[in-house]
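The values are calculated or read from the model by the stated rules, or taken from the named source; none is laboratory data. Keep in mind that what you see is a predicted model, and the values were worked out from it rather than measured. Positions of Cβ are generated from backbone atoms using ideal geometry, with glycine treated the same way; all protein chains shown enter the neighbour counts. Only protein heavy atoms, including side chains, enter the accessible area calculation; ligands, DNA and RNA are left aside. Shrake-Rupley method; radii C 1.70, N 1.55, O 1.52, S 1.80 Å.
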Amino acid sequence: MTLVLDKPPTAEPPAESAAALAARHGLTVSGARPSLPAYVRELWRRRHFITAFATAKLTAQYSRAKLGQLWQVLTPLLNAAVYYFIFGVLMDTKHDVPDYVPFLVTGVFVFTFTQQSALAGTRAVSGSLGLVRALHFPRAALPISYCLQQLQQLLFSLGALLAILLCFGVPPSASWLLVLPALTLQFVFNAGLALALARLGARTPDIAQLMPFVLRTWMYASGVMWSIDKVLADRDLPRAVTVLLEANPAAVYIDLMRFALIDSFHADRLPPHVWAWATGWALIAGVGGFLYFWKAEETYGRG
Amino acid sequence: MAAADATPGASTPRTHEPPAPTVVVDAVDIVYRVHGSGAATARGAATAALGRVLRRRGGAEAGVRTVHAVRGVSFTALRGEAIGLVGTNGSGKSTLLKAVAGLLPVERGRIYTEGQPSLLGVNAALMNDLTGERNVRLGCLAMGMSREETRERGAGIVDFSGIDDKGDFSSLPMRTYSSGMAARLRFSIGAAKDHDVLLIDEALATGDRAFQQRSQARVRALRERAGTVFLVSHNNKSIRDTCDRVLWLEHGELRLDGPTAEVMKEYERFTGGRS
């Protein structure tokens, strides 16, 4: 194969000629970040990968445990039991809140969804380096897929929760349908959060060490085990703190879910403009997180 | 991303005009930055780590060691070429391949490629907790195949890898595989797609003779479909069997670039017959 092109290493072609040659044959710079529309298209083509990856991770999660998939339901229930023992029984919060068990369990499950999505998101890229380095796909598929796994996990938990609700004599009602929009908004919010954290975690692995503390603080501030409005009622806190506590996305999604599921949780216990907050948070986190993640697409898995 | 794959076996008719380039590497320098793995004394000591963080604030990347792995390499690869990369350990072969695959940034220069090159290496881990079958399915979907394609090719990929030769391993988690089996399955997944540019890092050395012959046939088929194949290997025979052109790297510099027979003669004289 003798060719007119210069091959000996001594004769380096000038930069223009290489670039021109590449351009003439439609070659592109390797590893460059695709444009946003192209990126979204590629991601959409990988939708089956995203769902298959989430399902595979979910089933693999407890594959080494003797009880296997039973842990899908046992883990969240045990979590709720621990909080019930400490906050319900020892600290006696249950006298302030009607239907305390469903109230607590809903809070724990909904917050766990966001918490686990954030944790998984932080490690989504840094923990899948083998996959990232072996195959080419839009990296945003990973954090999104991890959030989807958490959503599936939550659906298992919700099944258990519905059983609990029925056991505690909460009759099924039409408001249960509100679960769907609430969960959709929360999923979009979680995905955006996971995308943003995935970029941070990919660059600074130390974030993964820090996240559990941040998330625990967030949990205690989100009214998972107590009712925020009850706590706020007899306090003289600055207005900013009140707004901050009520606008907190985790609290917003938890309140919506309680409103949907628990009969005694009436609309007057919801903070003002709660659906606007829920939608706003989903949009800000979803769009912002996606853009932020995409901006560093070419750097993932390098080094 | 390239359009849908051509049907397997249907080779593109040869044209009479000179083959088009698929990879243009233009005066490329690659520098590794290794964080925090500097002097052994600095590692792990909390005060040293804190110092590193504080110094990084100042702008200069102190505490980060740099390794200049590839220096001023230029070449152009054409359609249908199989190019071997040889060189002693640490000469920058694998680094160069990673950069062509777009997995490492270049310090200076540019790398242009047709489509998205795929790197097949022995270190590329899939998901160890999942079964071989699941890994095949996920790998195919991740590479952008449709669900139908994934279903059609799944069995073929398992057959190609030969992991089921000694029992039904494809339904067991990958963590139960021997390293050779895992490497074979990874290669089989990666090679299942018709890539424009395929980069193979030592992967052909894994597996028994039968598997090596299957993978060499696969490399030939890819070349006939007008793709370009790069092969890094320390096995001079496998370079001679597979490649028609060889790049010889030494200390990150391109020492020779030419037909396999000529370059390998010089390279073997340099290494004294060893590889």
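Close Cβ contacts (under 6 Å, 6 or more residues apart or on different chains) running from residues in region A:126-139 that are farther than 14 Å from A:Gly201 by Cα to residues that are open to solvent by 20 Å² or more (accessible area, probe 1.4 Å) and among the charged types (D, E, K, R) comprise A:Pro138/A:Glu42. Could you check region B:65-121 for strands (runs of 3 or more DSSP E) lying wholly inside it with 1 or more residues that are in contact with an Asp or Glu (Cβ under 7 Å, 6 or more places away or on another chain), touching a residue at least 12 places away in the same chain (Cβ under 8 Å) and over 28 Å from B:Thr271 (Cβ atoms)? The qualifying strands (runs of 3 or more DSSP E) are B:108-113. Within region B:152-178, restricting attention to residues that are free of Cβ contacts under 8 Å to residues at least 24 places away in the same chain and of a type outside the set (D, E, K, R), the residue that is surrounded by the fewest Cβ atoms within 10 Å (Cβ to Cβ) is B:Gly167.
Of the residues A:Phe189, A:Phe168, A:Phe265, only one is in contact with a Pro (Cβ under 9 Å, 6 or more places away or on another chain), in contact (Cβ under 8 Å) with a residue 40 or more places away in the chain and open to solvent by 70 Å² or more (accessible area, probe 1.4 Å); which?
That would be A:Phe168, the only listed residue that is in contact with a Pro (Cβ under 9 Å, 6 or more places away or on another chain), in contact (Cβ under 8 Å) with a residue 40 or more places away in the chain and open to solvent by 70 Å² or more (accessible area, probe 1.4 Å).
Only residues that are assigned to a helix (DSSP H, G or I), open to solvent by less than 60 Å² (accessible area, probe 1.4 Å) and among the polar types (S, T, N, Q) were counted in region A:16-54, giving 1. Consider region A:45-76 and keep the residues that are closer than 14 Å to A:Leu148 by Cβ, over 18 Å from the mean Cα position of the chain (by Cα) and without any contact (Cβ under 8 Å) to a residue 24 or more places away in the chain. The one that is nearest to the other protein chains (Cβ to nearest Cβ) is A:His48.
Scan region A:78-103 for residues that are within 13 Å of A:Ser157 (Cα to Cα) and crowded, with 18+ Cβ neighbours inside 10 Å and the total you get is 2. Considering region B:170-275, the qualifying strands (runs of 3 or more DSSP E), each wholly inside and each with 1 or more residues that are closer than 25 Å to A:Leu131 by Cα, run over B:197-201, B:228-232. Picking from residues in region A:77-110 that are at pLDDT below 80 and in a helix (DSSP H, G or I), the one that is farthest from the other protein chains (Cβ to nearest Cβ) is A:His95.
One residue stands out in region B:72-109 among those that are within 11 Å of chain A (Cβ to nearest Cβ) and of a type in the set (D, E, K, R): the one that is least open to solvent (accessible area, probe 1.4 Å), namely B:Glu81. No other residue among A:Ala118, A:Ala140 is at pLDDT 90 or above, open to solvent by less than 30 Å² (accessible area, probe 1.4 Å) and in contact with a Phe, Trp or Tyr (Cβ under 7 Å, 6 or more places away or on another chain) apart from A:Ala140. Residues in region B:163-183 that are within 14 Å of chain A (Cβ to nearest Cβ) and among the charged types (D, E, K, R): B:Arg175 only. Is it true that some residue in region B:180-191 is open to solvent by 50 Å² or more (accessible area, probe 1.4 Å) and of a type outside the set (Lys, Arg)? Scanning region B:180-191, I find no residue that is open to solvent by 50 Å² or more (accessible area, probe 1.4 Å) and of a type outside the set (Lys, Arg), so the answer is no. Residues that are of a type outside the set (Lys, Arg) and touching a Ser or Thr at 6+ places or on another chain (Cβ under 7 Å) were ranked within region B:236-251; the one that is farthest from the other protein chains (Cβ to nearest Cβ) is B:Asn236.
With respect to the conditions (1) at pLDDT 80 or above; (2) more than 29 Å from A:Ala160 (Cβ to Cβ); (3) in a loop (DSSP other than H, G, I, E, B), A:Asp6 lacks only one, and its number is (1). Suppose the filter is more than 19 Å from A:Ala285 (Cβ to Cβ) and open to solvent by less than 10 Å² (accessible area, probe 1.4 Å); does A:Val108 pass it? Criteria met by A:Val108.
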